[in-house]
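A quick write-up on the structure given underneath.
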Amino acid sequence: MRKYIFVVGGVISGVGKGITTSSIGKILQSHGYRVTAMKIDPYVNIDAGTMNPTEHGEVFVLNDGDETDQDMGNYERFLGIPLTRDNYMTTGRVYLSVIEKERALAYKGKCVQVVPHIPYEVIDRINRAADHAKADIVVIEVGGTVGEYENILFLETARMLKIRNPDDVLFAIVSYLPTPSTVGEMKTKPTQHAVRALNSTGIQPDFIIARSNIALDEKRKEKLALFCNILPENVISAPDVDSVYDVPGNFEKDKLGEKILKRLKLKSRGKDKSWNEWEGFVRKVHRAKDTVRIAVVGKYFDTGDFMFADSYISVIEAIKYSAYAQGKRAELVWLSAAQFEGVKPPLSELATFDGILVPGGFGTRGIEGILNVIRYAREHKIPYFGICYGMQLAVVEYARNVLGLKDATSREIDPKSSNLVIDIMESQKEVLKNGKYGGSMRLGTCPAVLKKGTIARTAYGVDNIDERHRHRFEVNPAYIERIEKAGLVFSGTSPDGALMEIAELSKKDHPFFLGTQFHPEFKANPLNPHPIFSAFIKVVGAQKKTQE
């Protein structure tokens with residue numbers, strides 16, 4: 001019988017539901033079970049593709065092109081498996097499906113109601129994802145926090161599933177326990193209220209994952225047990241840790257895996273080798289001492305008075321994986337592209353970094369600042385890695401300052417320019433003309449062919465690769481020959497040679513100057529660092545050693 005674990009949140013958002021879901025999945029996977037993970041986003045959006053990254057975080061793209069929440073990236077990285085659009089749902093996606101079925105008479109003339117037809121659709125989607133993955137256990141994260149109107153229907157779905165299969169459904173609430181500095185004592189009351197709110201939907205949690213800045217003491221566990229109708233041993237302490245990759249091991253200190261299996265009436269099939277590999281990775285994280293300092297120059301950091309790194313979470317993690325594998329620790333410094341614009345931008349600040357990375361983005365904000373950064377990195381031989389827009393702007397900068405096309409730009413920036421070295425893809429023109437922005441970019445896994453003797457070919461070690469894409473603009477074919485004659489090499493192309501996938505400078509001209517049209521960060525995971533990131537870190541480390 002298939003098992004279902006629902007992970008919900010209490011008190012505050014961003015409390016760690018995604019990492020908890022991923023960690024539970026990793027632990028159960030290590031006990032020999034086939035596990036898949038799902039994210040339920042309560043938004044009415046059909047997918048995450050049209051959401052503002054400074055509000056919602058990174059858009060994570062799957063192999064099949066689905067634009068999803070960043071937690072889907074956590075699931076893939078922890079579990080080491082590719083997920084599909086079946087593993088992601090939103091309120092909008094669920095309602096759209098029900099409405100389309102009603103229009104097609106799939107309900108055979110019945111009165112279609114919010115309950116039970118919306119919960120039935122959600123259950124169908126959960127089982128479809130489980131069937132596709134041939135999963136024994138499905139771990140489902142319900143977005144938002146309990147008590148919010150938006151996720152009530154998803155909690156109703158979970159309740160209905162539990163009524164049908166009481167021994168096969170488990171609930172865990174991830175809730176925050178604050179320790180106000182003026183009080184000096186950890187407070188359980190907010191979590192008590194969160195559990196009561198969950199009770200009001202007809203759900204009693206089996207486990208409380210107690211998030212806090214320090215570990216819970218027994219007194220706090222006993223208090224939560226008393227007021228939340230739960231056993232003290234099922235209150236799992238989840239204090240802040242140095243690395244999110246410590247979380248599965250931290251849970252196992254409380255024997256969470258054994259407790260979950262017991263509650264679901266399952267037996268461990270024995271810890272498999274994946275757990276040893278995971279522990280080996282965690283040891284590398286803590287042993288890494290040699291620091292490399294990398295500037296990440298982006299557009300999506302500022303949110304009010306705060307810095308929001310989640311806009312680039314996959315890039316951040318991919319850099320870390322490659323650094324850890326080489327015994328290094330990446331110190332990432334966020335630099336807003338806008339600060340490098342103006343008459344006298346502070347470009348000399350960039351000389352203090354061992355490497356510079358420009359991640360993806362859209363629109364015109366901060367573009368001149370990024371172009372100034374790219375030129376500085378190229379002329380001062382600082383290792384440079386550009387992703388998506390970061391590659392396109394590297395081509396623009398090269399066309400302006402080496403090829404001599406002073407007005408070279410992208411149609412996305414200035415459609416009236418006479419030298420659009422980056423132009424919209426032919427397939428996208430009709431799409432934008434009709435205003436179809438959602439889910440219409442070049443999305444998902446596409447093949448590429450690598451040119452022998454290049455940095456890219458050396459890094460991958462193979463001639464043909466598959467990488468995930470998310471973009472509408474490409475290098476304009478009319479300029480490719482001129483750009484290559486000027487010295488920029490297109491080392492990766494689509495199999496038909498029409499689309500430029502990787503641009504780089506020869507090692508004789510620059511230690512590492514490379515950009516990818518695709519998003520390599522989406523395929524990096526802890527046990528398999530991405531080869532391009534690893535090649536970048538290797539050069540960054542070598543440059544630092546030379547400078548020292």
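When the residues of segment 432-442 are filtered to those that are farther than 21 Å from L393 by Cβ and touching a residue at least 12 places away in the same chain (Cβ under 8 Å), the one that is surrounded by the most Cβ atoms within 10 Å (Cβ to Cβ) is S440. Quick one: is M72 buried (at least 24 other Cβ atoms within 10 Å of the Cβ), in contact (Cβ under 8 Å) with a residue 40 or more places away in the chain, assigned by TED's automatic domain parsing to the domain that holds N127 and not basic (K, R)? Spelling it out, it is not the case that M72 is buried (at least 24 other Cβ atoms within 10 Å of the Cβ), in contact (Cβ under 8 Å) with a residue 40 or more places away in the chain, assigned by TED's automatic domain parsing to the domain that holds N127 and not basic (K, R). Between A215, A210, A197, the distinction of being in the same structural domain as Y75 (by TED's automatic domain parsing), among the small types (G, A, S) and touching a residue at least 60 places away in the same chain (Cβ under 8 Å) belongs to A197 only.
Given the condition assigned by TED's automatic domain parsing to the domain that holds Q192, surrounded by fewer than 24 Cβ atoms within 10 Å (Cβ to Cβ) and within 16 Å of G257 (Cβ to Cβ), answer yes or no: does some residue in segment 1-14 qualify? The answer is no, given that none of the residues of segment 1-14 is assigned by TED's automatic domain parsing to the domain that holds Q192, surrounded by fewer than 24 Cβ atoms within 10 Å (Cβ to Cβ) and within 16 Å of G257 (Cβ to Cβ). Take the conditions (1) part of a helix (DSSP H, G or I); (2) in contact with a strand residue (DSSP E or B) (Cβ under 9 Å, 6 or more places away or on another chain); (3) modelled with pLDDT under 95; E412 misses just one of them, which is (1). Residues in segment 447-480 that are closer than 19 Å to S410 by Cβ and surrounded by fewer than 18 Cβ atoms within 10 Å (Cβ to Cβ): P477, A478.
Scanning segment 363-376 for any residue that is touching a Gly at 6+ places or on another chain (Cβ under 7 Å), surrounded by fewer than 24 Cβ atoms within 10 Å (Cβ to Cβ) and touching a residue at least 24 places away in the same chain (Cβ under 8 Å) turns up nothing. Just one of the listed residues (S417, S410) is over 23 Å from V61 (Cα atoms), hydroxyl-bearing (S, T, Y), touching an Asp or Glu at 6+ places or on another chain (Cβ under 6 Å) and in the same structural domain as A478 (by TED's automatic domain parsing), namely S417. Being buried (at least 24 other Cβ atoms within 10 Å of the Cβ), among the small types (G, A, S) and either without any contact (Cβ under 8 Å) to a residue 60 or more places away in the chain or not assigned by TED's automatic domain parsing to the domain that holds N401 (or both), is that true of even one residue in segment 503-512? The answer is no; no qualifying residue exists. If you go through segment 100-126 and keep only what is touching a strand residue (DSSP E or B) at 6+ places or on another chain (Cβ under 8 Å) and more than 18 Å from V44 (Cα to Cα), you end up with just I126. Residues of segment 316-350 that are under 20 Å from W278 (Cα atoms) and assigned to a helix (DSSP H, G or I): I316, E317, A318, I319, K320, Y321, S322, A323, Y324, A325.
Among all positions in segment 26-47, there is at least one residue which is aromatic (F, W, Y) and either in contact with a His (Cβ under 7 Å, 6 or more places away or on another chain) or modelled with pLDDT of 95 or more (or both). Only a single item in (1) more than 17 Å from P248 (Cα to Cα); (2) surrounded by fewer than 22 Cβ atoms within 10 Å (Cβ to Cβ); (3) out of contact with any strand residue (DSSP E or B) (no Cβ under 6 Å at 6 or more places or on another chain); (4) not acidic (D, E) is not met by G57, and it is number (2).
Could you tell me whether segment 40-47 includes any residue that is crowded, with 24+ Cβ neighbours inside 10 Å and not in a loop (DSSP other than H, G, I, E, B)? Checking segment 40-47: at least one residue is crowded, with 24+ Cβ neighbours inside 10 Å and not in a loop (DSSP other than H, G, I, E, B). Candidates are the residues of segment 163-177 that are in contact (Cβ under 8 Å) with a residue 40 or more places away in the chain and among the β-branched types (V, I, T); the one that is farthest from S13 (Cα to Cα) is V169.
Taking segment 49-80 as the range and being modelled with pLDDT under 90 and closer than 18 Å to V94 by Cα as the test, the residues that pass are G49, T50, M51.
The values are calculated or read from the model by the stated rules, or taken from the named source; none is laboratory data. Computed from a predicted model, the values in this text were never measured in an experiment. Backbone-built Cβ (ideal geometry, glycine too); neighbour counts: all protein chains shown.
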